[in-house]
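Undergrad: Here you go, one structure.
The values are calculated or read from the model by the stated rules, or taken from the named source; none is laboratory data. No experiment lies behind these values; they were computed from the predicted model shown. We place every Cβ from the backbone using ideal geometry, glycine too, and count neighbours over all the protein chains shown. For accessibility, only protein heavy atoms count, side chains too; no ligands or nucleic acids. Shrake-Rupley method; radii C 1.70, N 1.55, O 1.52, S 1.80 Å.
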Protein chains: 2
Amino acid sequence: MNINVIPYAAASRPELTENKTVVVIDVLRATSVMLTALSNGAREIVPAISPEEALHKSFLYDVEEVVLGGERNAMKIEGFHLGNSPLDYTEKNISGKTIVITTTNGTKALNSSLNAKKVLIGAFLNANAVVEAIKDEDEVVLFCSGTNNSFSLDDGMCAAMIINKLSKTKEVHLTDFARLLLTTFRTNPDNLELLLKDCYHLNLLKQKGFEKDVTFCLQNSLYNIVPQMNLINKSIQ
Amino acid sequence: MNINVIPYAAASRPELTENKTVVVIDVLRATSVMLTALSNGAREIVPAISPEEALHKSFLYDVEEVVLGGERNAMKIEGFHLGNSPLDYTEKNISGKTIVITTTNGTKALNSSLNAKKVLIGAFLNANAVVEAIKDEDEVVLFCSGTNNSFSLDDGMCAAMIINKLSKTKEVHLTDFARLLLTTFRTNPDNLELLLKDCYHLNLLKQKGFEKDVTFCLQNSLYNIVPQMNLINKSIQ
């Protein structure tokens, strides 16, 4: 299995994702939110690139059927139902609903992957399930969404955890960037908190009062689902 | 001191280099060649983005004054005087000459840095001198050229060596990507060969018969110069 890792959304190019099995990772917090919402019974997720597009897409649904979610600068968007905290995506809030969501980095990575063979949703929360879902693929791309068009260590260490798990049962051929992530991950494979103690985005979220979200998102394999993007209508289920 | 690292030329954007002190790194082999040529008495280096541009630029000089150098797919370009092997840039071959050079990745990184405050040339061969040259700067960008529009571990570990040396005497504020490189570097700070044993580009060069070049380029601080790009006429001295 060949594994490449894209370091952040702005560093992607069409040839990196074309016809590959792509796992989009945005640990803090877009893909963790999506996993939580679908695990708690959301019908589907519809990603949108901007708040305006999210609003526009939400009009396609009955008002009782749709929840508008997402963030700008980590905060809830004015007029939206929910922000980007997975803890808000409870069964009570979103069961049976379509979630139209816009986030700064995760939705960009999804949008850059539309030429893939398959687009899956990954995070620490479903790491084992991702490994199981991709273990027989030949060409895998782990797409780290990053933060503000830069590499973010939380996404990188999630990619590395997936590579580390895969490498225990499969022969993996890694690009230099995948190798770099794995080497750093293996300095502390059992201590994510320590691995991520200097992560800029993680510390920023803590400063903004989202410490509980951070703790929640760092849980290894809480969920056993691997949502997939429908490449025609772009919804995630 | 704030330190960012750009993972490869295609991942750069103008705002990452604007008004920063940029160190362009292309260990295998463009910046190692430049350092060797200038250490052996070349008058200046003129980077060119393509073989055609190199030829065009060479016409601006008397035929006895100019040497055409560079590579495509690691091999010498037909009709050029020299390839991209530092061992060919001997005093006898290039002393007093202007070198017009085109390489696949290094010249792209130089070209993407023209909005910088200052552009310096770095490699393992002048790591200590680079540290000395930038130690009082506030905003440093280590620009890894990469290989085929992807991250290359040789450039990354050179950036990490520079960061590691700086961190011993200065307070450094690292982006997540700089931190990732440093963590991997510190797993084997005294054994570059081991750190780079899986580096794709390094192994490709060995396969193509350039093992001596690789050994040469991995030498730590053989030279004590830090060439700088003249941002007006783009030559490097």
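Undergrad: Looking at segment A:148-162 only, could you name the residues that are more than 8 Å from chain B (Cβ to nearest Cβ) and surrounded by 24 or more Cβ atoms within 10 Å (Cβ to Cβ)?
TA: A:ASP154, A:ASP155, A:MET157, A:CYS158, A:ALA159, A:ALA160, A:MET161, A:ILE162
Undergrad: Determine, yes or no, whether B:VAL5 is assigned to a loop (DSSP other than H, G, I, E, B), within 14 Å of chain A (Cβ to nearest Cβ), among the hydrophobic types (A, V, I, L, M, F, W, C) and within 18 Å of the chain's Cα centre (by Cα).
TA: When the stated conditions are applied, B:VAL5 does not pass them.
Yes/no matrix, rows are residues, columns are (1) open to solvent by less than 80 Å² (accessible area, probe 1.4 Å); (2) more than 30 Å from A:GLU15 (Cα to Cα):
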position: A:LEU60; (1), (2): no, yes
position: A:ASP88; (1), (2): yes, yes
position: A:LEU110; (1), (2): yes, no
position: A:SER113; (1), (2): yes, no
position: A:LYS118; (1), (2): yes, no
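Undergrad: Do we have A:LEU205 as touching a residue at least 12 places away in the same chain (Cβ under 8 Å), hydrophobic (A, V, I, L, M, F, W, C) and open to solvent by 10 Å² or more (accessible area, probe 1.4 Å) here?
TA: no
Undergrad: Can you pull out the residues in segment A:177-186 that are touching a Leu at 6+ places or on another chain (Cβ under 8 Å) and either open to solvent by 60 Å² or more (accessible area, probe 1.4 Å) or of a type in the set (D, E, K, R) (or both)?
TA: A:ARG179 - this is the single residue of segment A:177-186 that is touching a Leu at 6+ places or on another chain (Cβ under 8 Å) and either open to solvent by 60 Å² or more (accessible area, probe 1.4 Å) or of a type in the set (D, E, K, R) (or both).
Undergrad: Here's something else I'd like to know. Residues that are outside any strand (DSSP E or B), over 16 Å from the mean Cα position of the chain (by Cα) and free of Cβ contacts under 8 Å to residues at least 24 places away in the same chain: does segment A:85-107 have at least one?
TA: The answer is yes, given that some residue of segment A:85-107 is outside any strand (DSSP E or B), over 16 Å from the mean Cα position of the chain (by Cα) and free of Cβ contacts under 8 Å to residues at least 24 places away in the same chain.
Undergrad: Cβ-Cβ below 9 Å, separation at least six or inter-chain, first residue in segment A:118-130 and farther than 24 Å from A:ILE232 by Cα, second of a type in the set (Lys, Arg) and modelled with pLDDT of 95 or more: which pairs?
TA: Final answer for the pair search is A:ALA127/A:LYS165; A:ASN128/A:LYS165.
Undergrad: Now for a different question. Taking B:VAL22 and the conditions (1) in contact with a helix residue (DSSP H, G or I) (Cβ under 8 Å, 6 or more places away or on another chain); (2) under 19 Å from B:LYS118 (Cα atoms), which numbered condition does it fall short on, given that it satisfies the others?
TA: For B:VAL22, the exception is condition (1).
Undergrad: Looking at this structure, is B:ASP213 open to solvent by less than 10 Å² (accessible area, probe 1.4 Å), more than 25 Å from A:LEU182 (Cα to Cα) and either facing another protein chain (nearest Cβ under 10 Å) or of a type in the set (Asp, Glu) (or both)?
TA: yes
Undergrad: Out of the residues in segment A:8-18 meeting the condition of being open to solvent by 30 Å² or more (accessible area, probe 1.4 Å) and touching a Ser or Thr at 6+ places or on another chain (Cβ under 9 Å), tell me which one is farthest from the other protein chains (Cβ to nearest Cβ).
TA: That would be A:PRO14.
Undergrad: Now for a separate question. Failed condition for A:LYS206, given (1) of a type in the set (D, E, K, R); (2) more than 11 Å from every other protein chain (Cβ to nearest Cβ); (3) out of contact with any Lys or Arg (no Cβ under 8 Å at 6 or more places or on another chain); (4) outside any helix (DSSP H, G or I), with all others met?
TA: Of everything listed in (1) of a type in the set (D, E, K, R); (2) more than 11 Å from every other protein chain (Cβ to nearest Cβ); (3) out of contact with any Lys or Arg (no Cβ under 8 Å at 6 or more places or on another chain); (4) outside any helix (DSSP H, G or I), A:LYS206 misses just condition (4).
Undergrad: Six or more apart or on different chains, Cβ atoms under 6 Å: show the pairs whose first residue is in segment A:217-236 and touching a residue at least 40 places away in the same chain (Cβ under 8 Å) and whose second is part of a loop (DSSP other than H, G, I, E, B) and of a type in the set (A, V, I, L, M, F, W, C).
TA: Close Cβ pairs satisfying both conditions: A:CYS217/A:VAL27; A:CYS217/A:LEU28.
Undergrad: Next question. Please work out if B:ASN40 is away from every other protein chain (no Cβ under 14 Å), in contact with a helix residue (DSSP H, G or I) (Cβ under 8 Å, 6 or more places away or on another chain) and surrounded by fewer than 24 Cβ atoms within 10 Å (Cβ to Cβ).
TA: yes
Undergrad: If we scan segment B:54-65, do we find a residue that is part of a helix (DSSP H, G or I), out of contact with any strand residue (DSSP E or B) (no Cβ under 6 Å at 6 or more places or on another chain), over 27 Å from B:GLY156 (Cα atoms) and free of Cβ contacts under 8 Å to residues at least 60 places away in the same chain?
TA: yes
Undergrad: Would you be able to say whether some residue in segment A:45-61 is farther than 22 Å from A:SER112 by Cβ and touching a helix residue (DSSP H, G or I) at 6+ places or on another chain (Cβ under 7 Å)?
TA: For segment A:45-61, residues farther than 22 Å from A:SER112 by Cβ and touching a helix residue (DSSP H, G or I) at 6+ places or on another chain (Cβ under 7 Å): absent.
Undergrad: Listed residues B:GLU132, B:GLU139, B:GLU171; which is open to solvent by 10 Å² or more (accessible area, probe 1.4 Å), farther than 12 Å from B:ILE25 by Cβ and within 14 Å of chain A (Cβ to nearest Cβ)?
TA: Unique residue meeting the criteria: B:GLU171.
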